Structures are given as C-alpha cells and as structure tokens.
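K.L.:
I'd like to ask some things about the structure below.
Values quoted throughout were computed directly from the atomic coordinates according to the rules given, and no laboratory measurement underlies them. Since this is a predicted model, take the numbers as computed values, not measurements. Backbone-built Cβ (ideal geometry, glycine too); neighbour counts: all protein chains shown.
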Amino acid sequence: MTTSRYLPHGAFFRDLNEAVDGYFESTKTSRQATPGMWLKTIFILTWFVSSWAVLVFAATTWWQALAAALSLGFAMAGIGFNIQHDGGHRATSDTQGWNRAMALTLDVLGGSSYIWHWKHNVQHHTTPNVAGHDSDIDIEPFVRLAPEQQWRPAHRYQHLYTWFLYALLAVKWHFLDDIKDVITGHIGTRSFPRPKGFDMVAFVGGKTFFFTWAFVIPSFFHPWWQVLLGYFIVSVVVSLSLALTFQSAHCVIGAAFPSGEGQREWARHQVMTSIDFAPRHPFWTWYLGGLNYQLEHHLFPRICHVHYPAIAPLVRAVCEKHGVEYQVMPSVGFALASHARFLAQMGRAPDAATVPVVA
C-alpha cells in the first residue's frame, strides 16, 4: 500500500514479498484457508452455538450458568479472532462470497462488519499508531495511548482504571458506537460513507438478530435480571479478550508512534508499530487467530493466519537483512505487563514520557 503518508515501496518491501511468495510457490500452498482452518471454523461456530444453547436452555444452577456464560464469551471472541477477522481481510478464500460470509459473523455477534472494515482495515491498517488517524488508539479523553494525544491530570491513574473501560468495550460497541457512527457518518474524527443497500440491510439485520438471540429468546426462559447478568458476564469476557489482544501488539513498550508524512515506507511503518508475542505457544496462536503474529499480519493481511508461523522466520530474516528492528515478546504475560507499563508511562506528564515518537 502506498499513500501520501509514505515513501514509495523500496527494496525492503520487495524482498519481503519475494520471500513470502517463494514460500507459497515452494510449498504449493494457497495463501487462503487450509482444510484445518475450515475445521477450526466449524469447531468454533459449534462451540458458540452449543454454549448459548446450554446457557439458555440447559443450565439450572448458578455455576452451570456461569460456566456456560464464560464459554460463550470466549467462543464469541474466538469467532472474532479467527473467522470474522480473516474474512474481513479477504484472507479466508479466493471466493469473495465466502470472505463476506465469514466477515458477517461479526454482525451475528452484535457488531457491524461494514463499520469494522472502515475502522480496522482502512484506518488502523493504513496508519497504525498514528494519532488522529488510527481509531484503535482513540479512547480520548479517558485514556492517552499516543504521545501526541493531549495529556490530562486524570491520566496519572489510567494504568489502574483503563482495564475497567476495556471490560465495557462490547457494551459500548453494541449499544452506542455502531449506531452513532452510522448516524453521524464519522468514526472518531474521520468521515466514512454510510452503509447503503445490502450493507444497510446487513447492519440492521445483524443488530436485530443479535438482540433477538442475546435478549429476546432468553427472556422467555429466564427472569430479566438473569438475562442482563448473563449478558454482562459474556460481554466482559468478549471485551477483555479483544481489547487486551489488540493492545498487546501495538500499545506496548517498544512500539513506535510515528508522526509526519512521506518520511518512511509503508512496510517499515508496519514493522515499527507492531510487535509479535508468544510465538512459541501453539494454543495462543490457535485461539488468537495468529494475532500474536501481529507484525506478519500487518505486512500480509490477506494471508490466512494459519500461515503466519511459517512465514515469520522469513519476515524476520528480511528485517535483519535491511536493518529493520523485528520485535517479539516471549509470552502473553510479558505482553500484558508491557501494556500495563505503557499505560503508566503514557499517564505521566508529557515531559516524563519516553515512548518513542518517530518523525
């Protein structure tokens, strides 16, 4: 990708593509989903439906309901990490109908695949960690996530209270953000085309379907307060799972927050602002849909995530060849701790902050 913000692609980008193209040519493997990915998709969707069915129709004790709610929350996050994310990036299949179908699983979860495209694919992936352009780091005025964002005295405590805000992400998403964005035609400070035609049908239909399975059907079998309590537990699990995963790859010690335009290549920008974590932990790679290989994902978002572990050494070798720092954190715990330190660092007065801002 080349925009006015970036210099033209150079040797670094060329060598990255040659290395990755060579891998797929030598292994005669498709860049899209493998049979294992399709089995994974079926498993996660079954996990989601069965958890909901147990919670609504089978749970008879509080501990059964709690277990089912936790399971449902993790299943929903798993859909987001694996199925919706790859589909939204057109990485699932060569057939765009399949990609669209997988992307629409977000609408089943109460979000909007249309708005996600503009917020994530266009804003975040084009300009990660650029204040005023990347909506993923825009939680102002409550949280300061970039050196160029305005500092407020309350930010001194953001390393303590931000976790509670993360826990409300899904609630805000379901009831406020998507609806507000469609009405205003803005995501943050940036405008986007409001959905029309099929996109508007999917938006309205998705919201209707979500509120039906999340609230209407359960209300026939349980008191209203139990339905709301169940929703709250599920939404907290979904919220923390999603927020902490994405923040652990960009808003951590060592990630850069570039400013200025036309001063670096797109590929170098992606590497500077993205950090891998827990690459040697197969469970996290499986559950997080390869998002622990965030650097590879940002360089090759249209490659299905099941291929990231194989191409990561190739990307690292090219980075070393060109003197581009390839950063990786050894575990999930390390990444979360780094994010906590980052929040504390960004909460200090600007003259005390040391997060790198690259001109």
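K.L.:
Counting each DSSP H run of 4 or more residues in the chain as -39500 (n - 2.57), what helix-only mean residue ellipticity at 222 nm follows after dividing by all residues, to the nearest 500 deg cm²/dmol?
P.N.:
On the way: 17 runs with 184 residues, N = 359.
Calculated from helices alone, the mean residue ellipticity at 222 nm is -15500 deg cm²/dmol.
K.L.:
Determine ³J(HN,Hα), in whole Hz, for all residues of region 193-209 in sequence, where each value follows from phi through the Karplus function 6.51 cos²θ - 1.76 cosθ + 1.60 and θ = phi - 60°; x replaces Gly and Pro.
P.N.:
Along region 193-209, the couplings run x, 4, x, 9, x, 4, 4, 6, 4, 5, 5, 5, x, x, 4, 5, 4 Hz.
K.L.:
Could you compute the net charge surrounding D199? Neighbours are other residues with a C-beta less than 11 Å from the C-beta of D199; K and R count +1, D and E count -1. Could you put the intermediate results ahead of the total?
P.N.:
Numbers: positive: R100, R194, K196; negative: D107.
Taking every Cβ under 11 Å from that of D199, the sum is +2.
K.L.:
Give the order of Y287, Y293, Y161 when sorted by the count of other beta carbons within 10 angstrom, beginning with the fewest. Intermediate results must be reported in sequence, preceding the final value.
P.N.:
On the way: Y287 20, Y293 27, Y161 15.
Final ranking by Cβ density, sparse to dense: Y161, Y287, Y293.
K.L.:
Between (i) 28, 60, 12, 0; (ii) 27, 55, 13, 4, 1; (iii) 27, 46, 23, 4, 0, which matches P(r) over Cα pairs in 20 Å bins from 0, in percent calculated for the structure shown?
P.N.:
This structure yields the entry labelled (i).
K.L.:
OK, next. Can you tell me the length gained on complete extension of the stretch E25 to W213, counting 0.36 nm per residue apart and subtracting the Cα distance? Please list the in-between numbers first.
P.N.:
Working: separation 188, 0.36 × 188 = 67.68 nm, distance 4.45 nm.
Value of the extension gain: 63.2 nm.
K.L.:
With charges set only on the Cβ (+1 for Lys and Arg, -1 for Asp and Glu), what does the dipole of the chain come to about its Cα centre, in debye to the nearest 20?
P.N.:
On the way: 25 positive and 23 negative charges, 62 e Å.
It comes to approximately 300 debye.
K.L.:
So for the chain, if I pair up every lysine 8 or more residues apart or on another chain, how many of those pairs have alpha-carbons under 25 Å apart?
P.N.:
Taking the Cα cut-off of 25 Å, the pair count is 11.
K.L.:
Could you put S331, S235, S71 in order, starting from the residue whose Cβ has the fewest other Cβ atoms within 10 Å?
P.N.:
Numbers: S331 15, S235 23, S71 19.
The fewest-first ordering by Cβ neighbours comes to S331, S71, S235.
K.L.:
Describe numerically, in nm with one decimal, the distance between label points set 7 Å from Cα along Cα→Cβ at L229 and at F334.
P.N.:
Taking the simple label geometry, L229 and F334 are separated by 4.1 nm.
K.L.:
Could you grab the relative contact order for the chain? Cα pairs under 8 Å, six or more apart, rounded to a whole percent.
P.N.:
Values: 517 pairs, mean separation 91.2, N = 359.
Taking the mean separation of contacting Cα pairs over the length of the chain, I get 25 percent.
K.L.:
In sequence order, what are the phi-derived ³J(HN,Hα) couplings for region 36-41 according to the Karplus relation 6.51 cos²θ - 1.76 cosθ + 1.60 with θ = phi - 60°, rounded to whole Hz, with x for glycine and proline?
P.N.:
x, 5, 5, 5, 4, 4
K.L.:
Continuing with the same structure: If amide H atoms are built 1.01 Å from N in the plane of the peptide, which residues on other chains or at least 5 residues away come under 5 Å of the amide H of E265?
P.N.:
L7
K.L.:
To the nearest 10 degrees, how steeply does helix 224-250 sit against the main Cα axis of the chain, on a 0 to 90 scale?
P.N.:
Result, in degrees: 10.
K.L.:
Okay, moving on. Round to a whole angstrom and tell me the spacing of the C-alpha centers of region 274-328 and region 31-110.
P.N.:
Taking the Cα centre of each part, region 274-328 and region 31-110 sit 23 Å apart.
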